[in-house]
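Below you'll find the structure, written out as structure tokens, and then a few comments.
The values are calculated or read from the model by the stated rules, or taken from the named source; none is laboratory data. Owing to the predicted nature of the structure, the values given are computational and were not obtained by experimental measurement. Cβ coordinates were reconstructed from backbone atoms using ideal geometry, including for glycine residues, and neighbour counts include every protein chain displayed. Please note that ligands, DNA and RNA were not included when accessible areas were found on the heavy atoms of the full protein model with its side chains. Shrake-Rupley method; radii C 1.70, N 1.55, O 1.52, S 1.80 Å.
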Amino acid sequence: MLSGAVLLLFDRNLGTSFYLSEIVVKGEILPNEGGSAILFQHLFWFLGHPEVYIILLPAMGMVSEILSVNSRKPIFGYLAMVGSLFAICILAFLVWAHHMFVTGLNPFLGAFFVLLTLLIAVPSAIKVFNWLTTLWKGNIRFTPGMLFSIGFVSLFISGGLTGIFLGNSTLDIHLHDTYFVVAHFHIVMGVASFFGMFAGVYHWFPKMYGRYLNNTMAYIHFWVTLVGAYLIFWPMHYSGLAGMPRRYTDWSNWQSFNQFQDMNRFISTVAMVVFAVQILFVFNFFYSIFKGRKVTSTNPWGANTLEWTTPINPGHGNWPGDIPEVHRWAYDYGKDGREFIPQTEPIGADESKH
Ligand SMILES: [Cu+2]
């Protein structure tokens, strides 16, 4: 995107023609030829598509950790989880033109991007399967961080499935400029990423401030946001399928779209309620820094990773004295009859391999 913007600056100020074939300077048309306005869109989406994964990948990492800690089980299929992350990272750079099926892109080239886009469904489905099997027969604790992690998986499924619709150029040409895209995009990238962030904040807040966030406010925050997100975005799929266009401020002159007015009013009302509970979350955050229930242990969730071995108020360098040694992976939950074994504990001679 930066290089795209630099080329735009060149076009504007230095008389180049990356995007424009007719450049007019002081009333004279320069002899430049061959610029392409669509090139700007290609460069934009070459950033834009990987960028949605850059936002989503940290959420996926946090959710994997939090689901494991609060199921008291190792993450299911660890190697497949890491492999899927890599596959998503690589494929993310090869699918940008699925945003451009309606730009007049050659249909043959479009088919290539359809194939690569649909391939992303494979590592995504592997991750969803492994998150669900991590929960399977787990000793689940519904902490606020855990609820937001499960909510993330739900939203990732809901938004991911409509990605399969839109990844097909034949369907996308019909749906592209409708509310179907608005619904898909906001569920999978907007709300799901926010849920990952909220999960992380609720989970690591006790580590950061030595106090818990208030549970009642957290549960209100979770349920109103989850139910609200579905009430906002679910109906948009229907209006999108019916052809309601996005990016219009006002369509009251089109009789056929007026039938959506009540639904749009409902969506706006729910959106305001959901926004209000985000204010409740911000209030909870600052309230709990000072008034939250104090943690009594450095490791309140019984997690294995290193950060939970620091003192409640760590000084400079995080650990007094020696830096701890790591002896094992982060997922020794429910192993050898013990609830959890921190990474700092050496592997015993008679210990069974995971
Ligand atoms: Cu994309």
Quick one: what Rg and Dmax do you get for the stretch 84-181 from the alpha carbons, in Å? 16.3, 53
Compute from the Cα atoms of the stretch 37-291 the Rg and the Dmax, the latter being the longest Cα-Cα distance, and quote both in angstrom. 19.7, 61
Evaluate 2.2 N^0.38 Å with N set to the residue count of the stretch 305-354, then give the Cα radius of gyration divided by it. 1.31
Over the chain, average the accessible area per residue using a 1.4 Å probe and give it in Å², no decimals. 54
Dimensions of the stretch 191-275 along principal axes (Cα, Å, largest first)? 58, 20, 19
GNM result for the chain, Cα springs below 10 Å: residue of Phe129, Phe222, Phe195 fluctuating most strongly: Phe129
Karplus 3J(HN,Hα) series, Hz, for the stretch 176-185 with 6.51 cos²θ - 1.76 cosθ + 1.60 (x for Gly, Pro): 3, 9, 10, 5, 4, 5, 4, 5, 4, 4
Looking at Ile29, Val6, Ile54, which one has the Cα that reaches farthest to the positive end of the dipole of the stretch 2-89 (charges on Cβ: Lys, Arg +1; Asp, Glu -1)? Ile54
Give the cross-link partners of Lys73 among the lysines, using a straight C-alpha distance below 23 Å as the criterion and excluding same-chain residues fewer than 8 apart. Lys127, Lys137, Lys207, Lys335, Lys353
Output the Cα-based Rg and Dmax of the stretch 219-332 in Å, rounding Rg to one decimal and Dmax to a whole number. 23.9, 73
Helical contribution to [θ] at 222 nm, DSSP H n ≥ 4, -39,500 (n - 2.57), averaged over the chain, rounded to 500: -19500 deg cm²/dmol
Name the long-range amide H neighbours of Thr178: under 5 Å, sequence gap of 5 or more, or other chain; modelled H, no Pro or chain starts. Arg246
Whole-percent tail of the Cα-Cα distance distribution for the stretch 142-225, cut at 23 Å, equals 35
Taking K and R as +1 and D and E as -1, what net charge do the other residues with C-beta under 12 Å from the C-beta of Ile140 add up to? +4
Taking the alpha-carbon centre of each part, the distance from the stretch 177-235 to the stretch 287-346 in Å is 26
What ranking do 198-204, 37-43, 136-142 get when scored by the average of other Cβ atoms within 10 Å per residue, highest first? 198-204, 37-43, 136-142
In percent, how large is the relative contact order of the chain, given Cα pairs closer than 8 Å and 6 or more residues apart? 15
Neighbourhood charge, 14 Å Cβ-Cβ cut-off, centred on Trp319 and excluding it, Lys, Arg +1 and Asp, Glu -1: -2
If packing is taken as the mean number of other Cβ atoms within 10 Å per residue, what is the order of 295-305, 152-162, highest first? 152-162, 295-305
